[in-house]
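A short write-up of the structure that comes next.
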Amino acid sequence: MPPENVFVPLASPFSPWEPGALGFTVFFCIVLAILALILFLSGFLVRRRPTPEKQRPYECGILPTGQGRFRYPVPFFLMAVFFLIFDVETAYIMAYAAAWPELGLPGYLRLAVFVVVLGLGLAYAWKKGGLDWNEEQGL
Amino acid sequence: MTDIRDAAFAPADYIINWARKNSLWPFFFGLSCCFVEEATAWGPRYDIARFGSEVFRGSPRQADVLIISGTMFKKVAPVALRLYEQMADPKWVISMGSCSNSGGMYDVYSVVQGSDQILPVDVYIPGCPPRPEALFEGLLLLQKKIAAGERPTRPVLHLPGGCEGGRRDHLIDGVNKCRDTRGPGYAGIPIRGTAATEPFFHGSRTAGMWTPAAPRIALRPDQEAVAADLLAAFGEDVALVPDSQDMPTYAVAPARIVEVLDRLKHASPTRFTRLEDLTAIDETARKDRPGHDATVVYTLTSLSAPGMVRLTCALPTRDASIASATGVWPAAAWYEREVAEMFGLAFAGHPDPRRLLTHRDWQGHPLRKDSEGRATNMAPFTEEEARRLEPVDAREILGPHADDGDYILNFGPHHYATHGILRYALALRGERIKAVGLDIGYHHRGVEKIGERQTWHQFIPYTDRVDYLSGVANNLSYVTAVETLAGIAVPPRAAYARVMLSELFRLSNHLMYFGTFLQDLGMMSPIFYALREREMVLDIIETITGGRLHPSWLRIGGMAADLPEGWKEMVDAFVKIFPGRLKEYHAGVTKNPIVRARCVGVGGISAADAIDWGVTGPNLRAAGVAWDRRKAMPYGAYADFDFDVPTREGGDCFARYLVRMDEMEQSLRIIEQAASNMPGGRYLSEDVRYCLPQKDEALRDIESLIHHFVNVTRGPRLPAGQAYAATEAPRGEQGYYLVSDGGSHAYRLRVRTPGFANIQALPLIAEGLRIADFVAVLASYDYILPDIDR
């Protein structure tokens, strides 16, 4: 004979009696509320008094010459892109290194493919002269 | 009666005010001398962090206190206005120092007589310059003002009422301020003594005084040879002036000046390789009018056979034209531009005949005798005037040196790394500097004009401020020139004390250099060490002179008072401590690989270029030229001292740094010798015709008292003539060229400064470098603004 008064929660993840989604949801809402409050206060408490001079770009007290959007040398862009790519690579490798005990050899091989592909890309960029710094390029 | 709402918001007001007043963030904005004391306040001994204001912000967006430290120049006023506008609200303004408060001692055409005429000032700090303690007093007053007067809660909560931030209004001359230093009510009454100065000299008492003629020099054999060579080559077009007081002087026919200069540089028996100075004299207010209205004066220096020569060209009118010397010396470019704007003369064939120091739209030629010198006699400087004198566009400064594809960047006048209000317009290709355009004159204080209305003694305080980190060393250049002109012998005790003080100031200057140079390279700590040692030097200087930056301590023929009791112990203690500190610097900095990477091989200049452009001082010695005026053409007591002239090769940033480090060691040697061999005796010359009597004598006998009275009131009459004397100031060779008409003040006073020539050569060094290297070059180059703009 089965026991009669067994408590069967309807949606167990939201049960207040067990660790689950409810705690997370409450936490999430508090974070949202605090963020909203901070954003509101920093917007509300600041009194903006825009004047034409204040809205101008600061250039050592002198009126700037020409546009802020000027043509700039390509190497700056290339450097930025390369940095982005290899930065992302680092992020993956870090995450992978943290999980090394669980992943073992198969994980190692999978990551190796990723690194080798990127390495090939770097070699190609190097060979093409993408890493050479020529400031006149693109002007 | 307190409003009920005021009472309701009082606790919140109190809290907001408390937070604001204890975290005032000053704007990193310095105009001149006062900023040195402001920076010292940030240093280790004074430590402004105790008052919550150590965060000096480089951008106006992050700052809420504008400390106007220094002289508000008409040329920089539009910049200061804009920077104030760009600061975050609520904001406050402290006016630091007499210049900023009222124009101070600079009642001159280029200076605003009080920054409160254009900016709303909350607190005034008196002093010239105010000590760091005075700055703290000002800061505390501002804190009190905030706590007592502001009710910020309601503005913060967008409710009506309440108040926050400093004043918003500026003062208007004749309505709520008076520019007359005597106070209101004197309108139309000229300042005392005006009539006795040029252009009319009515009632000048010097006419009734007699002085012996100025001393004359006898030509050395090598100078005779030059004279003979010139006479042979040019015949009647070059004439040796018979009564040269300081160096051989030739009157040259204007049509042949370029040929004569070229010969002296390239073909004469003694080669004069440096154009020391080029200036002019307006002759229209002479007591005895010569047949011409203007004279152009060229001063040349020979480095191979230490000696100088002067050439004068008489021009019929003040609008006359003369051939440009830029073909012989490229360095003539700026000198000629300055003469052209100051006197109205024209230089035919000049590659770039624009105004140099004054604004493009400036009216008139300030150094003409009939041009108004006092700002208080001119219309008040207003905000509208500031808008009119808006600094010119960078593209205009660069001219043909910039292309359409270049990115134009203004570097200064307000910038951490410019070490003063100097503006570089950079044409950039990426990070690389393609061309540098210089815009100077933001710090033009018109001292040459002032020199023509102050008596010979009265001018001494102005010399201190020409290179505001070198104090007494500046006095020395000026009094040496006066002493040359009048033939005054300086007693040995004074001569030694002058040497000692000059070297102490060299140390103080180089210590500041050491700190700021490395700070600009991104090394934060050295400045704290350097300021610690600098305070020790300043303590000695203060014990002896009573002042820190501007002691105005030297007098014609000696110094203001005898050395006080206890000076020797202080100097001895310092001499003992300092070598160890120097070792510390070398250990921490000189071997630092990052410093080396930033400096070695960066921004070099060749010896030939440096000489050709008139570069002097440590910057010249860093290029491998062993030329030091203290050794080559000794003045004062320097011939008695044993010291070396440190040099380096290559003239790069690292060489410039090392030369200065070595110079500190040599200065210390000189100080040690001066202290141990200090002679006894008088500290002022007995020649009371020109010099003040010693104070104890003036208090004891009536004769000395009379001399004292005459010399401090109407001033001594110096013989008619001209003299140039240069000294090896910390930053290079600083010379004073004095022209006397036999009056109690200079007829023409010209300051030849090292900075002017050094900075003119800067594009040579900087073009082709990257921006970060440019900062290293500026920091290692060690210039100072009043020394460039005067």
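The values are calculated or read from the model by the stated rules, or taken from the named source; none is laboratory data. Only a predicted model underlies this, so the values are computations on that prediction, with no experimental measurement involved. For neighbour counting, all protein chains shown are included, and Cβ atoms are generated from backbone atoms with ideal geometry for every residue, glycine included.
What are the residues in the range B:188-221 that are surrounded by 15 or more Cβ atoms within 10 Å (Cβ to Cβ), in a helix (DSSP H, G or I) and at pLDDT 75 or above, if any?
The one that is surrounded by 15 or more Cβ atoms within 10 Å (Cβ to Cβ), in a helix (DSSP H, G or I) and at pLDDT 75 or above: B:206.
Quick one: in the range B:63-84, which of the residues that are closer than 17 Å to residue B:165 by Cβ and among the β-branched types (Val, Ile, Thr) is surrounded by the fewest Cβ atoms within 10 Å (Cβ to Cβ)?
Across the range B:63-84, the extreme among qualifying residues is B:65.
Considering (1) on the phi < 0 side of the Ramachandran plot; (2) in a loop (DSSP other than H, G, I, E, B); (3) facing chain B (nearest Cβ under 7 Å); (4) not β-branched (Val, Ile, Thr), say which one residue A:54 fails and leave the rest.
That leaves (2) as the condition not met.
So, residue B:757, is that one modelled with pLDDT of 90 or more and not in a helix (DSSP H, G or I) or not? Let's see the steps before the verdict.
Details: modelled with pLDDT of 90 or more: yes; not in a helix (DSSP H, G or I): no.
Here the answer is no, as residue B:757 does not meet what is asked.
Which residues, counting only those in the range B:361-387, are within 14 Å of chain A (Cβ to nearest Cβ) and surrounded by fewer than 19 Cβ atoms within 10 Å (Cβ to Cβ)?
B:383, B:387
Within the range B:402-437, track down each residue that is more than 7 Å from every other protein chain (Cβ to nearest Cβ), without any contact (Cβ under 8 Å) to a residue 60 or more places away in the chain and over 29 Å from the mean Cα position of the chain (by Cα).
B:402, B:403, B:404, B:406, listed by residue number.
Condition check ((1) aromatic (Phe, Trp, Tyr); (2) part of a loop (DSSP other than H, G, I, E, B); (3) under 27 Å from residue B:77 (Cβ atoms)) across all residues:
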position: B:380; (1), (2), (3): no, yes, yes
position: B:398; (1), (2), (3): no, no, yes
position: B:405; (1), (2), (3): no, yes, no
position: B:450; (1), (2), (3): no, no, yes
position: B:477; (1), (2), (3): no, no, no
position: B:482; (1), (2), (3): no, no, no
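So residue B:741 passes all but one of these: (1) at pLDDT below 90; (2) of a type in the set (D, E, K, R); (3) touching a strand residue (DSSP E or B) at 6+ places or on another chain (Cβ under 6 Å). Which condition number does it fail?
Failed condition: (3).
Tell me whether the range A:72-94 contains one or more residues that are within 11 Å of chain B (Cβ to nearest Cβ), within 30 Å of residue B:390 (Cα to Cα) and at pLDDT below 85.
Yes, because at least one residue in the range A:72-94 is within 11 Å of chain B (Cβ to nearest Cβ), within 30 Å of residue B:390 (Cα to Cα) and at pLDDT below 85.
Residue pairs, Cβ under 9 Å, 6 or more apart or interchain, first in the range A:81-92 and closer than 14 Å to residue A:126 by Cα and surrounded by 13 or more Cβ atoms within 10 Å (Cβ to Cβ), second modelled with pLDDT under 85 and not aliphatic (A, V, I, L, M). List them.
These pairs meet every condition: A:82/A:130.
Give the residues of the range B:327-352 that are in contact (Cβ under 8 Å) with a residue 40 or more places away in the chain and in a loop (DSSP other than H, G, I, E, B), sorted by residue number.
Scanning the range B:327-352 gives B:327, B:328, B:329, B:330, B:331, B:345, B:352.
Which numbered condition in (1) touching a residue at least 24 places away in the same chain (Cβ under 8 Å); (2) within 26 Å of residue B:108 (Cβ to Cβ); (3) not in a loop (DSSP other than H, G, I, E, B) is the only one that residue B:308 fails?
For residue B:308, the exception is condition (2).
Regarding residue A:28, is this residue among the aromatic types (Phe, Trp, Tyr) and at the interface with chain B (Cβ under 10 Å from one of its Cβ atoms)?
Details: among the aromatic types (Phe, Trp, Tyr): yes; at the interface with chain B (Cβ under 10 Å from one of its Cβ atoms): no.
Against the criterion (among the aromatic types (Phe, Trp, Tyr) and at the interface with chain B (Cβ under 10 Å from one of its Cβ atoms)), residue A:28 does not qualify.
If I ask for residues that are under 23 Å from residue B:94 (Cα atoms) and part of a helix (DSSP H, G or I), which ones from the range B:140-154 would you list? Break it down stepwise before answering.
Kept after step one, since they are under 23 Å from residue B:94 (Cα atoms), are these residues of the range B:140-154: B:140-152.
Selection gives B:140, B:141, B:142, B:143, B:144, B:145, B:146, B:147, B:148, B:149.
Looking only at the range B:29-84, count every residue that is in a helix (DSSP H, G or I), without any contact (Cβ under 8 Å) to a residue 12 or more places away in the chain and closer than 27 Å to residue B:389 by Cα and tell me the total.
1
Could you say whether any residue in the range B:113-125 is within 18 Å of residue B:64 (Cβ to Cβ), surrounded by fewer than 18 Cβ atoms within 10 Å (Cβ to Cβ) and in contact (Cβ under 8 Å) with a residue 12 or more places away in the chain?
no
Would you please name the residue that is modelled with the lowest pLDDT, looking only at residues in the range A:31-48 that are within 14 Å of chain B (Cβ to nearest Cβ) and surrounded by 10 or more Cβ atoms within 10 Å (Cβ to Cβ)? Spell out how you get there, then give the answer.
At the first step, the residues of the range A:31-48 found to be within 14 Å of chain B (Cβ to nearest Cβ) are A:40-48.
Applying the additional criterion that residues be surrounded by 10 or more Cβ atoms within 10 Å (Cβ to Cβ) yields A:40-41, A:44-47.
On the way: A:40: 93, A:41: 90, A:44: 86, A:45: 83, A:46: 81, A:47: 78.
Residue satisfying both the conditions and the ranking: A:47.
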